[in-house]
Amino acid sequence: MNELGQVAVPEDGIENKEQMIDQLMNEYGDGILHLVYTYVKNETTAEDLTQEIFIKCYERLSQFNGKASIKTWAYRIACNHCKDYLRSWHYRKITLNEKIFGFTPSKSKEVEEEIITKDEETNLTSAVLALPIKYREPIFLHYYEELSLTEISKVTNININTIKTRLKRAKELLKEKLKEEV
Amino acid sequence: MNDSFFNLKNSMKKTVFKDLTFSEERKRAVKESIQQKQLYYWSEGTLISLFETIQYEAKNGFDISTHLFQKSDFTFQNNEGQLYTLLHLLENKGILTSKWIEEKKYYSLTAKGKKRLTAYKRGSSIQREYLKHLLEEASL
């Protein structure tokens, strides 16, 4: 491992942690990036936040006790980080500016406009992305990520019954929305 | 309705996620941040001992760790790999430089590193702050 070919790295060595994050990024990089995108709907912001999320994972690696799967653990960090961002002063300032001045410093409007074509697929995607976060979240985690309700509860730290209710309501909203557009 | 949801995955993959991937560049950025944070892992004392060890004479990793043990610094006792990580980090910061001599890498302080050490020992509060800063960049 070192230049003299001497003793290798111990269990909790720094290199080990770095390797683990490397692996985590390779396996879940895209998955987490996509999850984050559903919260912020902006590619660059999603990439920035995903970077921050993996750094958080590194910092908390020592706290990971192996009880949940590492995927659930990482997704949970991602979910919380996104929600913190959405509650942040910075984000609120951006969305406020958009409302008042119709000014979009980000790419989100362009991306959303590209999505709005008459294609059925894009209708479904944009309908889901247009839902309020609390409905978008369980829909995405359940139908895209294919997580069970229990897993969703672990990732979002929301009561499982609340999730059931929100999923039901989300479906109703989507049904209405998609009917409108047909 | 369930059929529609069945399509959600494909639908999103073909639209918003089509070109959205966590690039190698971004992964590298994460690794760099992590390495910055690793500096925080070592103590001020260890860093100074390390500088002193190589200030007059270039030394290889093994000699450096031996010298540190002699100074009763056992940070790297079962952790040789971390010494090389630290050396690599300091090299990136321009504080030390390395060269290969007979298949072994020898490290020495750069002019910048020597300046920092002298100022630190003079008790310069600025240099103490710099060292702390070096170690605390992690907490950004």
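Taking every alpha-carbon pair under 8 Å whose residues sit at least 6 apart, the stretch A:21-78 reaches a relative contact order of 38 percent.
Label sites at B:THR21 and B:ALA111, each approximated as a point 7 angstrom past Cα along Cα to Cβ, lie 4.6 nm apart. Counted residue by residue at 0.36 nm each, then reduced by the alpha carbon distance between them, the extension gain from B:HIS88 to B:TYR56 reaches 9.6 nm.
Projecting the Cα atoms of A:TYR58, A:ASN80, A:THR44 onto the charge dipole of the stretch A:33-93, computed from C-beta unit charges around the Cα centre, puts A:ASN80 farthest toward the positive end. Distance between the modelled labels on B:TRP100 and A:ASN159, one decimal in nanometres: 6.5 nm (7 Å Cα→Cβ projection).
Model label sites at B:ASP63 and B:LYS132, defined 7 Å from Cα along the beta-carbon direction, differ in position by 3.4 nm. Positive-end ranking of B:GLY113, B:SER98, B:PHE74 along the dipole of the stretch B:63-129, with charges on Cβ about the Cα centre, is headed by B:GLY113.
For B:ASN10 and A:TYR91, what does the FRET efficiency come to when R0 = 30 Å and r is the distance between their Cβ atoms, rounded to the nearest 0.05? So, using R0 = 30 Å, E works out to roughly 0.50.
Given +1 at the Cβ of Lys and Arg, -1 at the Cβ of Asp and Glu and no other charges, the dipole of the stretch B:60-132 around its Cα centre is 560 debye to the nearest 20. Of all stretches in chain B that contain no trypsin sites (Lys or Arg not before Pro) in a DSSP loop with at most 10 other Cβ atoms within 10 Å, the longest one is B:19-121.
Among B:ILE34, B:PHE17, B:SER49, which residue has its Cα positioned farthest towards the positive end of the charge dipole of the stretch B:11-64, with +1 placed on the Cβ of Lys and Arg, -1 on the Cβ of Asp and Glu, and the dipole taken about the Cα centre? Highest projection toward the positive end goes to B:PHE17.
Its relative contact order, with pairs defined as Cα atoms under 8 Å and 6+ residues apart, puts chain B at 30 percent. Note on the stretch B:19-59: with charges restricted to the Cβ of Lys and Arg (+1) and Asp and Glu (-1), its dipole about the Cα centre is near 140 debye. Using the alpha-carbon centroid of each, what span in Å lies between the stretch A:64-101 and the stretch B:27-97? Centre-to-centre (Cα) distance: 35 Å. Straight-distance candidates among the lysines for linking to A:LYS56, with alpha-carbon spacing under 16 Å and chain neighbours fewer than 8 residues away dropped: A:LYS17, A:LYS71, A:LYS83, B:LYS27, B:LYS31, B:LYS37.
Averaging the sequence gap over all C-alpha pairs within less than 8 Å and six or more residues apart, then dividing by the number of residues, gives the stretch B:37-114 a relative contact order of 34 percent.
Dipole magnitude for chain B: about 400 debye, using +1 per Lys or Arg Cβ and -1 per Asp or Glu Cβ, origin at the Cα centre.
Computed from the coordinates by the stated procedures, all read-outs in this text should not be read as laboratory data. Since we're looking at a predicted model, the values are computed, not measured. Cβ coordinates were reconstructed from backbone atoms using ideal geometry, including for glycine residues, and neighbour counts include every protein chain displayed.
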